[in-house]
Amino acid sequence: MKAEIIVAENSGFCFGVDRAVKIVYNILREGKKVVTYGEIIHNRDVTEELAAKGVRIADTPEELSALTEETVVIRSHGAGKDIFRLLEEKGMEYRDGTCPFVRRIQKIVEEKSAAGYDIIIMGDENHPEVRGIASYCHNIPKILKDDTLLYSYLKKFYKNSEKKVAIVAQTTYNINIWDKCTRTAKEICPGAEIINTVCSATSDRQEAAARLARTADLMVIVGGKHSSNTVKLAEVCGEYCKACVHVENAGGLDFRYIESLVRNNVREKFIVGITAGASAPAHIIKEVTNQMSEKLQNMEEDFNFEEALDASFKKIYTGQRVKGYITAVNDAEAIVDVGTKHTGYVSLDELTDDPSLKPADVVKPGDEVELIVIKVNDAEGIVTLSKKKVDAMIGFDKIVKAKEEDAVLEGTVSSVVKGGVIIFYEGTRVFIPASQATARRDEKLEELVKKTVKFKIIEVNEQRGKAVGSIRIVLNAEKDAAKAKFWDTVQIGDVFKGEVKSLTNYGAFVDLGGIDGMVHISELSWNRIKHPSEVVKAGDVIEVYVKDLDKEADRISLGYKKTEDNPWVKFDENYSVGDVVKAKVVSITPFGAFAQIVPGIDGLIHISQLAENRVANVKDVLSIGDEVEAKITEIDIEKKRISISIRALIEEQGGAAESGEASE
Ligand code: F3S
């Protein structure tokens, strides 16, 4: 922390004050007693120094009248005409220390008022200089404090008036206000005679002080508290510098206040500007400057030590990722030690997005947590942090890594949005387009909500913190893996349980666990069926076996009907040649009729076996749906051929009847 002191140009004793003080010292050197009419200057240090040398002060004409041997000195402000008259009448020795610039104003108002001008004096009506100037007027002057009062006064009495008016100012009048007065007078009363009587020493001092005040962090104005020019100097400085102190000497400096300014200074250098009123002697300005310099140097060393101490702490800044330890948890926040001199706070809404949780549900004292700095308040020693933002960043880092590594992630689908679904993966929102959300396009997105799914990241925008994922890629990969495994291990005859996925006219597709096989319609039932839906429906879980494999064509033929249900087997077990069966005619051909003996087994009744006599046309004796009794005449299981005969049964029954009659 660097500090610099700059003393403004034109500070301290002006020509007029210097002249008056020298007059006093010259008289003292002559060995004479001195009485000043009023304080020679408004500076306690100077007046006390003079008092110590025997210089006394007379404040009233009466006190002056009582003097006998002293030499009277009129100060630089000058005095009223009556005082000079008194001194002359009494024959008293006096020296006139009236500043020539003040004397000039006295002459102006004297002459102008004699010439019939009304006189307006801009200044402090109670100031001795102004009172003295007023005494030189041949009429009663108007004394006004500022441009606002001047505006009202001119407007009321001089606007559009023939009256002559001259406007002057106290020598130490504020130059900025004087400029406004000039503009106001020219606007309302163009004929007014405006005479700038502000002392150049005053205006030069004010301008130099204003220049310095623009760049200073602190302005110290040195001079008497009752010194008009010093008070005005402080006013001017106050317009440009936020921190101004008016002191009579070094003892008036409040270093605690100054230190607080230095501490809160945000600039690289702390600049102290020093200016002094006309009544401030050089040695007082020097004393103020020296003390200020010494104190600032001490502060500089202290601050350098503090800076060194600060440097021993970790630096912390907004946006930084830091690790900290939870030191305490309350209902509203967690308090964290982040290894700096700050106290860290993580509010509940920066701990978690879950409204059902309290801080204690998320962290506990002693936990090491990673956080991000949201705000640093060095003045109060507080740092505001967020855990959830870091969690999201960590989550996003994982997402970026997962994309790079083509890794499979797992997350729960939280909602369906326009064009897809959303998964929050460790605090990061991952958008899954509808085309990437399911294995098949006809699946409903709503059914994914609240389901835990596997997905891959297919796109990442690191700048915008956005990620796009795909569930379908994972599903397809799983399917491919299952297929590969299936083909590696599958053998004809293997039995699987699978879900019927879809039906066609020629069969049913069954999911064997990532790979589909097909049961041909002929393999669904031992009976003749017209459509697979007569046996199974989509969603049914059925047991199938592998009938045939074609890896190159990626074709798996499945069987569904079982051997033990095979009607030929059952028929072979239960029927023999010669058995009489009841059968139902199911079809008629030119050479005979087929009749179902048991489900799945039809027997052929040849046209020659329909009756005892010759039949010309099958339909003459049989119709579909007729039930007939016939005798099994041939069984060929291998060729799946059964022959039955009505004629054979009739003949057998006729033969039996004949042999019965013969025995009787
Ligand atoms: Fe004279 Fe100007 Fe000083 S009027 S007393 S030189 S401020």
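With just the Cα atoms defining each centre, how far is segment 602-635 from segment 485-507? Give it in Å.
Measuring centre to centre over Cα atoms gives 43 Å.
Listed highest first by mean packing, meaning other Cβ atoms within 10 Å per residue, what order do 401-407, 33-39 come in?
Descending mean neighbour count gives 33-39, 401-407.
Per 0.36 nm of contour for each residue apart, how much would the distance between LYS501 and ARG95 grow if the chain were fully extended, relative to their Cα-Cα spacing?
Contour length minus the Cα-Cα distance gives 133.6 nm.
Residues in segment 1-43, backbone N under 17 Å from the label point at GLU300 (7 Å along the Cα-to-beta-carbon vector): list them, ranges by number please.
Of the residues in segment 1-43, 1-7 have backbone N under 17 Å from the label point off GLU300.
With point charges of +1 on the Cβ of Lys and Arg and -1 on the Cβ of Asp and Glu, referenced to the Cα centre of the chain, which listed residue (SER65, ASN249, SER533) lies farthest in the positive direction of the dipole?
With unit charges placed on the Cβ atoms, the residue in question is SER65.
Using a basic spin-label model with each label point 7 Å from the Cα along Cα→Cβ, how many nm lie between GLU462 and ARG267?
4.2 nm
Any idea what the alpha-carbon Rg over 2.2 N^0.38 Å comes to for segment 143-253?
1.24
Among ASP554, ASP331, which comes first, then next, by fewest other beta-carbon atoms within 10 Å?
Taking fewest neighbouring Cβ atoms as first place, the list is ASP331, ASP554.
Can you put THR171, THR489, THR98, THR633 in order, fewest other beta carbons within 10 Å first?
THR489, THR633, THR98, THR171
Considering the dipole of the chain built from charges on the beta carbon (Lys and Arg +1, Asp and Glu -1) around the Cα centre, which of GLY223, ILE40, THR563 is farthest to its positive end?
Positive-most Cα among the choices belongs to ILE40.
Under 16 Å from the Cα of LYS584, which lysines turn up, not counting those fewer than eight places away in the same chain?
LYS619, LYS631
Would you calculate, for the chain, the mean residue ellipticity at 222 nm contributed by helices, counting each DSSP H stretch of 4 or more residues as -39,500 (n - 2.57) and dividing by all residues, to the nearest 500?
When only DSSP H runs of four or more count, the value is -10500 deg cm²/dmol.
Only helices at least 18 Å long along their axis, Cα-based, and averaging -1.0 or more on Kyte-Doolittle count here, so list those DSSP H runs from the chain.
In the chain, the long hydrophobic H runs are 15-29, 100-114, 175-188, 200-215, 228-240, 282-312, 388-405, 472-489, 646-663.
Report the gain in length on full extension from VAL569 to GLU426: 0.36 nm times residue separation, minus Cα-Cα distance, nm rounded to one decimal.
45.2 nm
By what distance, in whole Å, do the Cα atoms of the chain stretch along each of the three principal axes, largest value first?
204, 65, 42
Among the aspartates and glutamates, which fall within straight-line cross-link reach of LYS159, defined as a Cα-Cα distance under 20 Å, with same-chain neighbours fewer than 8 residues apart omitted?
In chain and number order, the partners are ASP118, ASP146, ASP147, ASP179, GLU187, GLU193.
Taking 60 Å as R0, compute the FRET efficiency from the Cβ-Cβ separation of SER435 and LYS640 and round it to 0.05.
Rounded to the nearest 0.05, the efficiency is 0.70.
Give the order of PHE455, PHE591 when sorted by the count of other beta carbons within 10 angstrom, beginning with the fewest.
Going from sparsest to densest Cβ surroundings: PHE591, PHE455.
If one computes the Cα centroid of segment 321-357 and of segment 367-414, what distance in Å separates the two points?
That distance is 14 Å.
With +1 on each Lys and Arg Cβ and -1 on each Asp and Glu Cβ, and nothing else charged, work out how big the dipole of the chain is about its Cα centre, in Debye to the nearest 20.
Value, rounded to 20: 3640 debye.
Segment 10-120: D in µm²/s via Stokes-Einstein (Kirkwood Rh, Cα pairs, 37 °C, 0.692 mPa s)?
D, rounded to a whole number, is 221 µm²/s.
Just for the chain, what percent of DSSP beta bridges are antiparallel, to the closest 5?
Expressed as a percentage, antiparallel bridges in the chain total about 65.
Have a look at segment 412-542 and give its Rg and Dmax from the Cα atoms, expressed in angstrom.
Just the Cα atoms of segment 412-542 yield Rg and Dmax of 19.1, 66 Å.
Note the full-extension length gain between ASN377 and ASP406 as 0.36 nm times their separation in residues minus their Cα-Cα distance, in nm to one decimal.
Gain in length upon complete extension: 6.2 nm.
To the nearest 20 debye, what is the magnitude of the charge dipole of segment 255-407 about its Cα centre, counting +1 on the Cβ of each Lys and Arg and -1 on the Cβ of each Asp and Glu?
380 debye
Values in this text are rule-based calculations from the coordinates and carry no lab data. Here the structure is a predicted model, which means the values were calculated and not measured. Cβ atoms come from the backbone with ideal geometry, glycine included; neighbour counts cover every protein chain shown.
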